[in-house]
1. Can you give me the ranges of the strands (runs of 3 or more DSSP E) entirely in segment 12-63 with at least 2 residues that are open to solvent by 40 Å² or more (accessible area, probe 1.4 Å)?
2. What pairs can you find where one residue is in segment 41-60 and at positive phi, the other is surrounded by 12 or more Cβ atoms within 10 Å (Cβ to Cβ), and their Cβ atoms are less than 8 Å apart, with a gap of 6+ or different chains?
3. So which residues in segment 82-97 are surrounded by 10 or more Cβ atoms within 10 Å (Cβ to Cβ) and not basic (Lys, Arg), if there are any at all?
4. Could you please find all residues in segment 64-79 being out of contact with any strand residue (DSSP E or B) (no Cβ under 7 Å at 6 or more places or on another chain), open to solvent by less than 90 Å² (accessible area, probe 1.4 Å) and farther than 14 Å from Ser21 by Cα?
5. Under 7 Å between Cβ atoms, which residue pairs at least 6 apart in sequence (or on different chains) link something in segment 66-83 that is over 17 Å from Glu47 (Cβ atoms) with a partner that is open to solvent by 50 Å² or more (accessible area, probe 1.4 Å) and among the polar types (S, T, N, Q)?
Amino acid sequence: NTYNKLDIIRVFGDSMEPYISNGEFVLIEKESNAKNGETVIANINGEIFIKKFQSDPFKTWVKLLSDNTNYQDIHIEGDNLDLLKIVGIVRAKIKPF
């Protein structure tokens, strides 16, 4: 069932501005196989982030990129890749009234 793979979460923080702002909601597809350029919800050792996904073809490293230039990229490689879990892929943004 497709609906079991969907969830709505509220974004806290401004790391993805101007694309996604603090307090907005995103519709995510619960899927762990992200493609380069997709915006993902990532769990890194228990901490949750919303970032753009980037990886080399062999998945030996992953970069999680912010749209807001005030934030540095998160670069993960080697054994630290075990700490990364892609929770879902953002499919739509929902702007509250």
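The values are calculated or read from the model by the stated rules, or taken from the named source; none is laboratory data. These numbers come from a predicted model, not from an experiment. Glycine gets a Cβ as well: all are built from the backbone with ideal geometry, and neighbour counts include every protein chain shown. Accessible surface areas use protein heavy atoms only, side chains included; no ligands, DNA or RNA. Shrake-Rupley method; radii C 1.70, N 1.55, O 1.52, S 1.80 Å.
1. The strands (runs of 3 or more DSSP E) meeting that bar are 25-29, 47-55.
2. From residues that are at positive phi, the pairs are Asn45/Leu83; Lys59/Leu81.
3. Leu83, Leu84, Ile86, Val87, Gly88, Ile89, Val90, Ala92, Ile94
4. Gly78 - this is the single residue of segment 64-79 that is out of contact with any strand residue (DSSP E or B) (no Cβ under 7 Å at 6 or more places or on another chain), open to solvent by less than 90 Å² (accessible area, probe 1.4 Å) and farther than 14 Å from Ser21 by Cα.
5. Pairs that qualify, where the first residue is over 17 Å from Glu47 (Cβ atoms) and the partner is open to solvent by 50 Å² or more (accessible area, probe 1.4 Å) and among the polar types (S, T, N, Q), are Glu77/Thr60.
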